[in-house]
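Novice: If you scroll down you'll find the structure; I have some questions about it.
The values are calculated or read from the model by the stated rules, or taken from the named source; none is laboratory data. Computed from a predicted model, the values in this text were never measured in an experiment. Cβ atoms come from the backbone with ideal geometry, glycine included; neighbour counts cover every protein chain shown.
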Amino acid sequence: MHNARMPLVAKTFPLETARRVIRIQVLTLIWMSVEAFVSLGAAWMARSSALLGFGGDSVVELLSATIVLWRFSRPSNDSRGEERAAKIAGGLLFVLAAFVFLASALTLLGHIEARPSPIGIALVILAAVVMPWLTKQKRQLSAATGSAALRADAAESAVCGYLALIALAGLGVNAIWKINWADPVAALALLPLIVREGWEAMKGKACCQAV
C-alpha cells in the first residue's frame, strides 16, 4: 500500500457484486430517511447543534447513497461516470463539514441554546450500532469494485457512526450536567475527519483493502 494518488479506473462489475452494492444502498436509503427525519425533528425541538449536524449528515449520506445506487444500477466502463460520482460524493463531505461548523458556531456564540433530547439520545445509540455495520459492508465492496464513489459513501457512513458517538457524548453531558457547550464542541471534534475523507474522495481513492 502506498500514498500515491490512485487513478479512477472504470471497470465492469460482476452482476452479483453490483446487486450486493444495490442492496446495501437501498438499505442505507431507508435507514437514512428515517434517521434524517427523526434527528432533524429532535434537533429543532432541542435546539441541538450536535443533532443538527447529525441530521445534516443523514441528509448528505442519503444523497451520497443515491449517487452510488445510480452508479451501480448502470455498471459500465465509463470512467467519467465513476469520476463524476466520486467527486460529487466527496464534495458532499465538504458540504457536511460546513454544515456542522455553522451549527456549532451558532450554539457557541449563544444564538442557539441546546436542550436535552431523549429521542435524540435513543436515535444516536441505534445509529452507533447500525452505521459501523454499513461502513464495513461498503468498504469491503469498495475494495472489491475499486469504486472511489463507494469509498466516499463508506466514509459518509463512518462519519455518521462517529458523529453518533460524539453526539451521544455531547447530549449525555448536556442532559446530566447541563453543560450546553459540550454539544457543539462534540460536533466540531469530527471536522478534521470529515475534511480528510472528503479530500481523499475528491482524489478518487478507493478502499485498498476490505476491513
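Novice: Can we say LEU93 is in a helix (DSSP H, G or I) and modelled with pLDDT under 80? Give the steps one after another, and end with the answer.
Specialist: Details: in a helix (DSSP H, G or I): yes; modelled with pLDDT under 80: yes.
Yes.
Novice: Would you check if GLY91 is within 13 Å of the chain's Cα centre (by Cα) and without any contact (Cβ under 8 Å) to a residue 40 or more places away in the chain?
Specialist: no
Novice: Here's another thing I want to ask about it. For region 129-153, what are the residues that are at pLDDT 90 or above, hydrophobic (A, V, I, L, M, F, W, C) and buried (at least 24 other Cβ atoms within 10 Å of the Cβ)? Reasoning before the result, please.
Specialist: Taking region 129-153 first, the residues at pLDDT 90 or above are 129-141.
Cutting the leftovers down to hydrophobic (A, V, I, L, M, F, W, C) gives us 129-131, 133-134, 141.
Matches in region 129-153: MET131, LEU134, LEU141.
Novice: Do we find that THR107 is modelled with pLDDT under 75 and of a type outside the set (A, V, I, L, M) in this structure? Before the answer, list the steps.
Specialist: Numbers: modelled with pLDDT under 75: yes; of a type outside the set (A, V, I, L, M): yes.
Yes: the conditions hold for THR107.
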